[in-house]
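Any read-out appearing in this document is the output of simple, stated calculations on the displayed coordinates, not a laboratory observation. Predicted, not measured: the structure shown is a model, and the values here were computed from it. Using ideal geometry, Cβ is built from the backbone for each residue, glycine included, and neighbour counts are taken over all protein chains shown.
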Amino acid sequence: MVDHRRQWPITDDLAALRENIQRYAVQAGLTGPRLDDLVIAANEAAINVLEHGGGAGTLAISCDGGVVAVDVADHVGALPPGAVPGERPGGRADRGFGLWLMGELCDSVTIDQIPGQSTVRLFMRVDGGDPPAGGGAASLRGAHWA
Amino acid sequence: MTAAVVMTPVSAPVADHVLVVALDGALDYTNAERLRQDVEAALGGERHELVLDLSLLSFCDSTGIRILLAVRKLLQERNGAVTLAGLNPRLTRIFTTTGLINGFAVAPGLAEAVDMVVARSTPR
């Protein structure tokens, strides 16, 4: 059981950041496609910081109560809560595409905004690999190419 | 170590209008734009079919997908296409989730991809 929090600066060395996230998430118990999904989503959040969030920030990862949380904070604070699009944005060159993708890949995504800092929070349940009997927690996937 | 992606030309029994290259490494925000320039330079002004062997590509993010879409658009303007081969589960995941897998011809391996391009390009 991993519950200590780890934190790294976001730089253009995304490969090292992905390895750190993957190593932590594996120790926390994530495997298979859900492990891949979290790494992809966290990478997208880091790209947004580099591209739109002032070019610097921090990524913190923790595990509490069977949920892995990845906090990706910039030093600008321009990204407001509720910025995660429910549908795939038409333009693929903007920040919205990455945010939409995070919402598709993770169990939930929230955004906290305080002056000078926006934090994207990604959540992934460790035991979420098997769909529950009721199917209520299964997220809608499979966007279609227009 | 910063992510690196290496593009290597692959010799294949194909016509001159087809470019076959293999990508090795991780295609991400830090190197996608340079790869786009490399691919477009290798395509030159005439080639209109691109086969990408991705079996050694461990990772591709939305920036990488964006440049693959840019190359796809360029080749569509030449009445050609991009064919992807050898996607690992993680690449398949991001291409499927984004819905973008439907924008490319996809083959399990390089040989199948080359067969697809040859079949598509050869008048019958």
*How many Cβ atoms of partner chains, on average, are near each residue of B:58-64 if near means within 10 Å of its Cβ?*
6
*Whole-Hz ³J(HN,Hα) from phi, Karplus 6.51 cos²θ - 1.76 cosθ + 1.60, for segment A:52-61, glycine and proline x*: 10, x, x, x, 8, x, 9, 10, 10, 10
*Using 1/(1 + (r/R0)^6) with R0 = 22 angstrom and r between the beta carbons of A:Glu19 and B:Leu56, what's the FRET efficiency to the nearest 0.05?*
0.80
_Peptides ranked, highest mean first, by Cβ atoms within 10 Å: ranges B:106-112, B:95-101, A:45-51_ = A:45-51, B:95-101, B:106-112
*asked:* Run the helix sum for chain B: -39,500 (n - 2.57) per DSSP H stretch of 4+ residues, divided by residue count, reported at 222 nm to the nearest 500 deg cm²/dmol.
replied: -12500 deg cm²/dmol
*How many partner chain Cβ atoms sit within 10 Å of a residue's Cβ in peptide B:92-99, on average, as a whole number?*
6
*Taking Cα centroids, how far is segment A:21-40 from segment B:64-95 in Å?*
25 Å
*Roughly what would the spin-label model give for A:Thr31 and B:Ala12, points 7 Å off Cα along C-beta, in nm?*
3.5 nm
